[in-house]
Amino acid sequence: MTTVGLRQRPLPYGRRPPVTPVRASGGHARTGLVRAGACFENARLAERPGEPPPVALRSCVVQATRLDTARIRAARRVIDPVFLDTPLYRCEALEPDLGCTVSIKLETANPVRSFKGRGTEVVASLLADSGPRAAVCASAGNLGQALAWSGRGRGLDVTVVASRFATRAKLDRIRALGARLELVDGDHELARERAAAIARCDGIRLVEDSLDIETCEGAATIGLELVDSTPSFDTVLIALGGGALATGVGHAVKALAPEVEVICVQPLGAPALTLSWRQRRVVTTESTDTIADGVVGRYPIPAVLDDLLLVADDAVLVQEASIIAGMRMLLDHAGLVVEPSAALGVAAILEDRDRFAGRHVVTIVCGSNVDVDAYHRWVGAAAPHGS
Ligand SMILES: Cc1ncc(COP(=O)(O)O)c(C=O)c1O
């Protein structure tokens with residue numbers, strides 16, 4: 001495992017969010033984020049003549065992610081409605097085993113069976129309006145499938161680079177949707193290198209998941225839907241890969257409902273971004289070893305880490321056995337076939353029931369693209385939960 005210093009990349013957009021997260025004492029322990037309104041209330045108090053400014057006001061520091069809440073709202077207008085306003089419901093059948101109130105935000109009932117369509121809709125609509133008519137991305141499978149779908153509807157020429165070890169069902173769908181698929185003889189990081197080389201050589205748009213702000217803005221629309229929901233909830237559990245999902249949802253939640261706890265979840269076998277968050281600098285890993293193929297990055301993106309440091313309250317790592325138990329529970333109690341990355345939230349609760357006891361937890365069920373044989377092996381072999 002190697003570490004490199006945190007490098008600031010130029011921000012794609014210079015604007016600050018209209019609801020600005022602020023740092024203040026008494027704010028969130030880890031991120032220092034508090035509701036901007038709380039700070040303004042202190043400002044009014046500070047106006048009292050003869051009284052010193054409250055401590056909270058004295059330590060106010062404006063902090064901003066690369067995202068902008070108004071742009072996230074605008075993104076909703078270009079995303080095909082088939083990806084929007086997804087079901088959010090309390091799943092009482094999961095609760096006896098998990099020991100807390102559990103709600104599911106279901107991102108699998110759409111044409112590409114993952115949340116990635118939200119981001120690719122934003123990317124593709126911009127490209128169709130003004131950009132080059134061709135784009136390339138690296139993908140573990142879901143982004144590629146989503147970009148293929150969004151590009152097909154807009155007459156874009158899409159190339160996807162993936163590892164030849166990627167989930168077969170995902171690769172088949174990418175081809176079926178009409179994208180050109182190039183396989184590399186290595187992992188996702190090699191696919192990223194190759195996609196960048198193709199973009200340079202062919203002069204086409206490189207869609208870099210989690211770095212390209214549109215991918216985060218698309219994912220962030222899930223956060224808007226969550227904060228608009230009733231009843232409100234205490235915690236949201238978010239699968240962490242490259243970070244578009246967590247930084248997007250995290251931004252929306254911290255901007256609009258800062259009291260909600262944002263917890264990212266990664267497998268122990270692919271921990272790079274979680275370790276980076278904990279050490280506040282980019283940590284890379286030599287390899288990954290997990291069935292959660294949607295979250296297998298090894299080289300975190302510095303700008304994404306910067307955002308994650310502002311919006312995440314915690315980042316936890318879970319074991320493979322818990323991921324499998326989570327998939328099995330979602331099948332048995334929620335009737336949901338999910339891919340391993342989508343079971344990370346349930347896995348996190350399973351590994352720390354005490355932490356979540358008495359809380360209302362939302363878990364984003366973010367993908368359901370599995371190889372059927374592998375899925376049956378996993379859930380068939382899983383020990384019944386609670387044993
Ligand atoms: C099903 C699924 N869950 C989670 C993730 C992680 O999302 P992100 O890379 O935005 O962190 C991905 C990424 O492709 C995914 O496909």
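The values are calculated or read from the model by the stated rules, or taken from the named source; none is laboratory data. Values in this document were obtained by computation on a predicted structure and should not be read as measured data. No Cβ is skipped: glycine too gets one built from the backbone with ideal geometry, and neighbour counts run over all protein chains shown.
Residues in the range 199-213 that are under 22 Å from the mean Cα position of the chain (by Cα) and over 20 Å from residue 188 (Cβ atoms): 213 alone.
In the range 322-380, of all residues being more than 12 Å from the ligand (Cβ to nearest atom), not in a helix (DSSP H, G or I) and not β-branched (Val, Ile, Thr), the one that is surrounded by the most Cβ atoms within 10 Å (Cβ to Cβ) corresponds to 336.
Residue by residue through the range 239-260, note down the ones that are touching a residue at least 40 places away in the same chain (Cβ under 8 Å), more than 8 Å from the chain's Cα centre (by Cα) and part of a loop (DSSP other than H, G, I, E, B).
Scanning the range 239-260 gives 258, 259.
Mind listing whichever residues of the range 93-126 are surrounded by 24 or more Cβ atoms within 10 Å (Cβ to Cβ), farther than 16 Å from residue 357 by Cα and more than 16 Å from the ligand (Cβ to nearest atom)? 124, the sole residue that qualifies.
Looking only at the range 128-147, decide whether some residue is part of a helix (DSSP H, G or I), more than 12 Å from the ligand (Cβ to nearest atom) and touching a strand residue (DSSP E or B) at 6+ places or on another chain (Cβ under 9 Å). Looking for residues that are part of a helix (DSSP H, G or I), more than 12 Å from the ligand (Cβ to nearest atom) and touching a strand residue (DSSP E or B) at 6+ places or on another chain (Cβ under 9 Å), one finds none in the range 128-147, hence no. Here the range 194-238 is the region considered, the condition is being without any contact (Cβ under 8 Å) to a residue 60 or more places away in the chain and not assigned by TED's automatic domain parsing to the domain that holds residue 356, and the residue that is farthest from residue 72 (Cα to Cα) is 201. Is at least one residue of the range 281-288 part of a loop (DSSP other than H, G, I, E, B) and farther than 25 Å from residue 374 by Cβ? Yes - at least one qualifying residue is present in the range 281-288. Scoring residue 304 on the criteria (1) assigned to a helix (DSSP H, G or I); (2) aliphatic (A, V, I, L, M); (3) within 12 Å of the ligand (Cβ to nearest atom); (4) closer than 20 Å to residue 348 by Cβ leaves a single failure, condition (4). A single entry from 41, 107, 92 fulfils the requirement of being more than 19 Å from the chain's Cα centre (by Cα) and modelled with pLDDT of 65 or more: 92. Filtered by the rule that a residue be under 9 Å from residue 210 (Cβ atoms) and more than 6 Å from the ligand (Cβ to nearest atom), the range 232-247 gives a lone residue, 247. Can you spot a residue in the range 214-236 that is part of a loop (DSSP other than H, G, I, E, B), among the hydroxyl-bearing types (Ser, Thr, Tyr) and farther than 27 Å from residue 85 by Cα? The answer is no, given that none of the residues of the range 214-236 is part of a loop (DSSP other than H, G, I, E, B), among the hydroxyl-bearing types (Ser, Thr, Tyr) and farther than 27 Å from residue 85 by Cα. Looking across the range 121-177, the residues that are over 18 Å from residue 192 (Cα atoms) and either among the small types (Gly, Ala, Ser) or assigned by TED's automatic domain parsing to the domain that holds residue 218 (or both) come down to 124, 125, 128, 130, 131, 150, 151, 153, 155, 169, 176. Kindly check whether there is at least one residue in the range 99-122 that is part of a strand (DSSP E or B) and over 21 Å from residue 240 (Cα atoms). Yes - at least one qualifying residue is present in the range 99-122.
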